[in-house]
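Take a look at the structure set out below.
The values are calculated or read from the model by the stated rules, or taken from the named source; none is laboratory data. Model, not experiment: these values are computed from the prediction. So basically every Cβ, Gly included, is an ideal-geometry build from the backbone, and we count neighbours across all protein chains shown.
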Amino acid sequence: MYRMLIVEDDTGIAQAIKEHSLLWGLDAFCAQDFGSITKEFADYKPHIVLLDISLPFYNGYHWCSEIRKISKVPIIFISSASDNLNIVMAMNMGADDFIAKPFDLNVLTAKIQALLRRTYDFSPNFEILQHREAFLDTAENILTYKGEKIPLTKNEYRILLCLMENKRKVVSREKLMERLWATDSFIDENTLTVNINRLRKKLDSYGLENFISTKIGVGYIIE
């Protein structure tokens, strides 16, 4: 089931969209913390986002820009501010569509489903992994922290992916080596240690100190 994040501060509109979407077999979550939309985005991992322009704390353009730093997920603006300037601005910020309020719920849902089909029917289902304001885009193999992209080698990305997929769980050295051995990389005990140390130093230099912890005799953990 596809997941949709609804970023709309009018609870009546948000709830109506959510309930109608459920009838069409689409899971939906209404944003709760309008000061931390990127965290809710990362926690919920939606396949599509509905975004109003006028919101508490920061407007929809701000959140569109922030989401675009970490994901290419489809974004549809829904707003009564539907003049040409706002439509052009929304599309330039990275939106995929703009639907003016008031709208017919059947038309809105049909557009959502059409965009989902175009985006996902012929492409793999990727997701965003998040921890401590760091976002790992599994589609682009990119780590972003506070809007800054952190370059990763193939091995660094694969190690970080495995650890973030198992966040708050200890991952053994054997499992990490198996994960890397399954790729085109040869990894032994010493090579793994070197890669982990290099990755830690890189994360430290970008402000992500102690991002990876060692459980002596067991393995590594992100917690």
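If you check K69, K18, which single one turns out to be in contact (Cβ under 8 Å) with a residue 60 or more places away in the chain and either outside the structural domain of I142 (by TED's automatic domain parsing) or surrounded by fewer than 19 Cβ atoms within 10 Å (Cβ to Cβ) (or both)? Lay out the reasoning, then the answer.
Working: K18 fails: in contact (Cβ under 8 Å) with a residue 60 or more places away in the chain.
Being in contact (Cβ under 8 Å) with a residue 60 or more places away in the chain and either outside the structural domain of I142 (by TED's automatic domain parsing) or surrounded by fewer than 19 Cβ atoms within 10 Å (Cβ to Cβ) (or both) holds for just one of K69, K18, which is K69.
When the range 69-93 is examined, which residues are found to be within 15 Å of the chain's Cα centre (by Cα) and either in a loop (DSSP other than H, G, I, E, B) or at positive phi (or both)? Residues satisfying the conditions are S71, K72, V73, P74.
With respect to (1) exposed (fewer than 15 other Cβ atoms within 10 Å of the Cβ); (2) modelled with pLDDT under 85; (3) of a type in the set (S, T, Y), the lone exception for T119 is condition (1). Quick check on the range 86-105. Is at least one of its residues surrounded by fewer than 18 Cβ atoms within 10 Å (Cβ to Cβ), touching a residue at least 60 places away in the same chain (Cβ under 8 Å) and in contact with a His (Cβ under 9 Å, 6 or more places away or on another chain)? Taking every residue of the range 86-105 in turn, at least one turns out to be surrounded by fewer than 18 Cβ atoms within 10 Å (Cβ to Cβ), touching a residue at least 60 places away in the same chain (Cβ under 8 Å) and in contact with a His (Cβ under 9 Å, 6 or more places away or on another chain).
State whether the residues of the range 190-210 include one that is at pLDDT below 90, aromatic (F, W, Y) and over 14 Å from V171 (Cα atoms). No, because not a single residue in the range 190-210 is at pLDDT below 90, aromatic (F, W, Y) and over 14 Å from V171 (Cα atoms).
Scanning for something touching a residue at least 12 places away in the same chain (Cβ under 8 Å), farther than 24 Å from F135 by Cβ, small (G, A, S) and in a loop (DSSP other than H, G, I, E, B), does the range 28-40 turn up at least one residue? No, that holds for no residue.
All of Q113, Q130 fail the test of being surrounded by fewer than 17 Cβ atoms within 10 Å (Cβ to Cβ) and either in contact (Cβ under 8 Å) with a residue 40 or more places away in the chain or part of a loop (DSSP other than H, G, I, E, B) (or both), apart from Q113. Quick check: anything in the range 135-151 buried (at least 16 other Cβ atoms within 10 Å of the Cβ) and over 22 Å from D43 (Cα atoms)? Checked the range 135-151: no residue is buried (at least 16 other Cβ atoms within 10 Å of the Cβ) and over 22 Å from D43 (Cα atoms).
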